[in-house]
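In what follows, a single structure is set out as structure tokens and then discussed.
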Ligand code: 13P
């Protein structure tokens, strides 16, 4: 059965001390209160990931990740962080192609495809983000946009590599706006993405892939979203910055 994953993307929030305190609170709460089977992934700013990894080391179901990574292996790329460096901190997941990176840092599908390769080559798990803007949805272009993001970012992978990928559907209009996609809207897109994978690869591969939903996920709407057949977890922003609200989202996953 495919893995359920709840990940907290802290974005550019929390200094080191605050970040370690949050990770410590979340890991204690998850240990004491959560009996479900989902994996929990903490994704702090990259500077903190080695501390966060150490803190959760040995805890079943808990992993650390980062929010971006270079497509290069090493060398003269000032300011960049390689997948091997990330791996050496004990982290396991890397977000690739978050809409904020696409929007503010000009990251395009072809560029992201190379980052996916770098992450997989290092033995890490990419969380590949996709999602349409409000304008694209209003023009009814969302299916086309998503198909392009998925096919250009991922469909160069072989079947084995594809099965290592986690996908996060994050409609841009739902990120940080308090406006969640309805469960029906999210389920429709998740099923569409799974259908694209089945068509390109096969049904077995499509059924193995974890597809998270992201965009104003809160404890109040998590259980309903998680009950949908193709929603396998969440990529949480704002509500992941507080241990109580994040743990309550985790607990909504059986
Ligand atoms: P919010 O949960 O704050 O809407 O952010 C979602 C997100 O972008 C997670 O990557």
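Couple of notes before you dig in:
- Residue 106 being buried (at least 21 other Cβ atoms within 10 Å of the Cβ) and on the phi > 0 side of the Ramachandran plot: no
- Per-region count, the range 146-157, residues crowded, with 20+ Cβ neighbours inside 10 Å and farther than 14 Å from residue 125 by Cα: 4
- When 23, 38, 46, 7 are screened for being more than 19 Å from residue 166 (Cβ to Cβ), touching a strand residue (DSSP E or B) at 6+ places or on another chain (Cβ under 6 Å) and modelled with pLDDT of 95 or more, only 23 passes.
- Identity of the residue in the range 26-43, without any contact (Cβ under 8 Å) to a residue 40 or more places away in the chain and in a helix (DSSP H, G or I), that ends up nearest to the chain's Cα centre (by Cα): 27
- The set of residues from the range 1-25 being under 21 Å from residue 212 (Cβ atoms), within 16 Å of the ligand (Cβ to nearest atom) and not in a helix (DSSP H, G or I) comprises 5, 6, 7, 8, 9, 10, 11, 12, 13.
The values are calculated or read from the model by the stated rules, or taken from the named source; none is laboratory data. Because the structure is predicted, anything quoted here is derived from the model rather than measured. When we count neighbours, we look across all protein chains shown, and the Cβ atoms used for this are built from the backbone with ideal geometry, even at glycine.
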